[in-house]
Amino acid sequence: MATQHNSTTLVRLTAALLAISTLFFALAVIVERNSEASEAPHSEESQEGTTSEGTPSTETTHTETTSESNTAESSSHNNETVLGINLENPWIVWGFVGISLLMSVAVLRFGKTALLLTIPLAGVAAILDAREALFQFAGNNTSVAALAVIVALAHVAAAVFAFMAWRSLKVAASAASIRK
């Protein structure tokens, strides 16, 4: 009976960690997008060029700003691509949020099968979150980097608890079959 209680607790913790990590992930995406949007106009203002007479040169400013923003955008795009897939694509980001929330519910409803799917999902997500944290720290975006670290830790914990819950359910099932 204690094993059943332990398994139930581990399953609930796994589902809760998946939901919590998903909420923090969504928060990090929103914070990152808001910081990118607020930096774009600021960078154009700081790039104002001047001619030799000291008057602003709008032609060179626009050209320089456009080429610098294109370079920054393409390097940012390249950093967020894994196996040719842009991980910053809104469909992928919000699709992951939806899948994670569905997986959280599935863990509570279906048990062992959903737990087996949760282990690689949370494990891969933790690796990608850690990668994102490194990129954000390198870009001096500490608020997003801190959120990415929290999400990565929550995903690691979800993967560990999913494995422990799956193992506990497996042991309980084999013990029940031995008693029969």
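Does L102 satisfy the criteria of being free of Cβ contacts under 8 Å to residues at least 60 places away in the same chain, within 17 Å of I20 (Cα to Cα) and surrounded by fewer than 15 Cβ atoms within 10 Å (Cβ to Cβ)? It is true that L102 is free of Cβ contacts under 8 Å to residues at least 60 places away in the same chain, within 17 Å of I20 (Cα to Cα) and surrounded by fewer than 15 Cβ atoms within 10 Å (Cβ to Cβ).
Inside region 79-94, residues that are within 16 Å of E32 (Cα to Cα) and not in a helix (DSSP H, G or I) make up a count of 5. Could you list all residues from region 166-180 that are surrounded by 13 or more Cβ atoms within 10 Å (Cβ to Cβ) and either under 23 Å from the mean Cα position of the chain (by Cα) or among the charged types (D, E, K, R) (or both)? If the condition is that a residue be surrounded by 13 or more Cβ atoms within 10 Å (Cβ to Cβ) and either under 23 Å from the mean Cα position of the chain (by Cα) or among the charged types (D, E, K, R) (or both), then R167, K170 are the ones that fit.
Among residues of region 142-157 that are farther than 18 Å from S100 by Cβ, those with a beta-carbon under 7 Å from a residue that is of a type in the set (D, E, K, R) at least six positions away or on a different chain give the pairs V144/E32. Close contacts from region 9-31, counting a first residue that is in contact (Cβ under 8 Å) with a residue 24 or more places away in the chain and a second that is surrounded by fewer than 22 Cβ atoms within 10 Å (Cβ to Cβ) and hydrophobic (A, V, I, L, M, F, W, C), with Cβ to Cβ under 6 Å and a gap of 6+ residues or different chains, come to L10/M164; A15/L108; L17/A157; T22/V97; T22/L101; F24/I150; A26/V97; V29/V93.
Select from region 113-131 the residues that are free of Cβ contacts under 8 Å to residues at least 40 places away in the same chain and either surrounded by 19 or more Cβ atoms within 10 Å (Cβ to Cβ) or aliphatic (A, V, I, L, M) (or both) and write down the one among them that is farthest from E80 (Cα to Cα). Going through the qualifying residues, I end up with A114.
Values quoted throughout were computed directly from the atomic coordinates according to the rules given, and no laboratory measurement underlies them. The model shown is predicted, which means the values in this text are computed figures rather than measured ones. We place every Cβ from the backbone using ideal geometry, glycine too, and count neighbours over all the protein chains shown.
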